[in-house]
Every structure is written in structure tokens, then in C-alpha cells.
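The values are calculated or read from the model by the stated rules, or taken from the named source; none is laboratory data. Source: prediction; values computed, not measured. Virtual Cβ from ideal backbone geometry, glycine too; neighbours counted across all protein chains shown. To get the accessible areas, we keep the full protein, side chains included, count just its heavy atoms, and leave off ligands, DNA and RNA. Shrake-Rupley method; radii C 1.70, N 1.55, O 1.52, S 1.80 Å.
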Amino acid sequence: MTDGGAPFQPGTQEFSVPFRPRGSYAGYRAFGGGDGAVLVQPEIARDLRSAAESATQERRITGGLLYGRGWADDQGAYLVVDGYLEAGPGENSDDRISGDRFTLSEAGLRLLREDAARMYSASFEAGWWRTLPALGEFGPQDFVTQAELVGPDGVGLLVYGSGIHWGTAYLGPDGHAPDSAGTLVTVTDPVPDPVPGPGPEARFAPEPEVVDIAAGETLVPEPRPAGAGPAAPRRRVRRRAAVPVRTVTRRWAGRPASPDAAPGPETPADVQFVVGALIAVTVAAAIIVGVLVSSVIVAVVIALIGILAIAGTVWTSRR
């Protein structure tokens, strides 16, 4: 299932986790909280759900790779997924629904990573995803895939093609839960705004469903005996776990989507604007000096020196 590139293996490449408060990602679909949480960009969450629904309608299973970056704040390290690629026809040898198996061929992985080098050159390969027609769990083959494609801080997403549940996250090579309590959280789709009439509580989305896998519970509902009455709703649990504030010294291992991508933090948009303005001012000043001394060469030299000085300063600050 690998193409010789040792994708996202522990120790392949390690970079210090840059600091960014997770409050910057308000509205993202969250799996877990505190250290090890996974946040999925809303647009990516909608696209993955749409892909799962289409695959379910066509009686097939699809999946692919995930891309993003690791960050840290006072609550610990967390992963932000802001990109994905879907395997094309034939790249999954078990794409027809005859069970729930999903595998990616070596050729399929190679094609996906070639596309990622062009589309997500500043991101890292954060893990993989696959669909399931309805609420379910990883199977034995999925855990094999998880071990091959996911690093210590990566994620495997199981996205459902029907029902109110969106999906389930499995962390690390062993596919553990996204918190320390031994639970898997199935995130539900938000409830749309109701028509006028119901009370304000109808506007809130259902809470995530918490299942204690350490106690042998499962996400799949148990079959009810014949003649039994309607099933009672599954209990919703709101957890209030205290997370100690600490300085994060964790290092995030990942595989850059592009081999040539620099492992520095992203440059904020406001900084990019300031840098662009400085370059424009430098060029303008060089032109004025060149006109005063009647020398094009002097103007070019001053402009190049100024631009190189600005670029060097920005590059040094990103290291």
C-alpha cells in the first residue's frame, strides 16, 4: 500500500509545532478536545459528506488522503484538516459495496501524492479517509491501512453517506480515540434553521454521541428483538474534562505534500500585505533615485538590494 516514499511514518520528518490558538478555527468540525484534537474545515467537511452520499447512492465506497497542518496552544497540540484528495475510479480495488472493505493501491497512492504536490504544496499529509454507507466502525483492514498511512499525530476519518452522523475520527497508527478517556466521538451534522414556530432550543445541533470503547460499547446500534417497542434514544453525554494549561514541547511528525515545501509556519495575510507594500515602496524609491542620478543601473541595484533585504528578513522570521 506504499509507493516507497514511507508516507507519514514516525520519525520521517519532525517539525516544532507552531503556536496558534484554536479559537482561530471557530466553526470547524471538531473531534475531541484538548491535546490531540482534530479540526476539519467546514468546506472540507461538506465536500467529504457529499462524496460519501454520492458513493452510497452509486453503491460504492470511496476514500483518499487528507492534508493539513499541526498547531499547538495552551490546551495542547491539535491537527487542522483543510484539504483532501479522492481516489479516482480503479484506485480502490474494493470500491463496490460487497462489504465494507476499502484499500488504496500503490499506484493510486502515487497518483494522489503527485496531485498533492501541486495542490497542497504548503501542507502535510495528515492521514486518510474513507466512506461507509451508514453509521459503523473501522474494520480489520482499515486498521491495517491506518498503521501504514497515519503517523503519531495523523488521523483516519470514517465518513458516513447517510443518517445524521457525519463521521468518526481514529488517531495515530493504532486508531485510538481523539481523547484520553478511551471514547470515540461520532460527530453529527448540524440541524438547519427550523421554520418559524418551534422554540429556540430547536436551533441547536444534536450533541456528539460519546461511546466508551474501553467498556466494550459500539457505535453500531444493537438489533432489537422481534415485537419490541420503539427503541429508546441513545444517551447523549456532555463531558466536562479539565485540561491542564501547559507549555507544549511536542513535535509533530508529518510528510510534506510537496518534497520541496519549506517546513516553516504560514505567513499571515496581514504580514503578506505589509511585505508587498514595503517592496512597492522600495521599488518606487529606487526609481526616484535613478531619475535623480540619471542612471538606470543605480535604480536596479537599489531595488534588488531592498527586495533581497526584505525577503531575507521574512525568510529568517519563518524559520
Only listed residue being more than 17 Å from residue 29 (Cβ to Cβ), touching a residue at least 60 places away in the same chain (Cβ under 8 Å) and either in a strand (DSSP E or B) or touching an Asp or Glu at 6+ places or on another chain (Cβ under 7 Å) (or both), chosen from 77, 51, 55: 77
Failed criterion for residue 61 (all others in (1) over 13 Å from the mean Cα position of the chain (by Cα); (2) modelled with pLDDT of 95 or more; (3) buried (at least 22 other Cβ atoms within 10 Å of the Cβ) hold): (2)
Filter pass, residue 156 being modelled with pLDDT of 95 or more, within 26 Å of residue 17 (Cβ to Cβ) and touching a Phe, Trp or Tyr at 6+ places or on another chain (Cβ under 7 Å): yes
Of all residues making up segment 136-149, the number that are open to solvent by less than 50 Å² (accessible area, probe 1.4 Å) and under 26 Å from residue 163 (Cα atoms): 7
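Scan segment 160-171 for residues that are surrounded by 20 or more Cβ atoms within 10 Å (Cβ to Cβ) and either touching a residue at least 60 places away in the same chain (Cβ under 8 Å) or out of contact with any Gly (no Cβ under 6 Å at 6 or more places or on another chain) (or both) and report the count.
To start, the set of residues in segment 160-171 that are surrounded by 20 or more Cβ atoms within 10 Å (Cβ to Cβ) comprises 160-161, 165-171.
Then keep just the ones that are either touching a residue at least 60 places away in the same chain (Cβ under 8 Å) or out of contact with any Gly (no Cβ under 6 Å at 6 or more places or on another chain) (or both); that gives 160-161, 165-169, 171.
So the answer is 8.
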Pair list, Cβ < 8 Å and 6+ apart or interchain, from segment 16-35 residues that are more than 26 Å from residue 159 (Cβ to Cβ) to residues that are at pLDDT 90 or above and assigned to a loop (DSSP other than H, G, I, E, B): 21/74
Residue tally, condition more than 30 Å from residue 17 (Cα to Cα) and open to solvent by less than 40 Å² (accessible area, probe 1.4 Å), over segment 274-319: 7
Residues located in segment 80-107, provided they are within 20 Å of the chain's Cα centre (by Cα), of a type outside the set (Phe, Trp, Tyr) and either at pLDDT 95 or above or not in a loop (DSSP other than H, G, I, E, B) (or both): 80, 81, 82, 83, 85, 86, 104
Given (1) open to solvent by less than 30 Å² (accessible area, probe 1.4 Å); (2) touching a Gly at 6+ places or on another chain (Cβ under 6 Å), number of the condition residue 109 does not satisfy: (2)
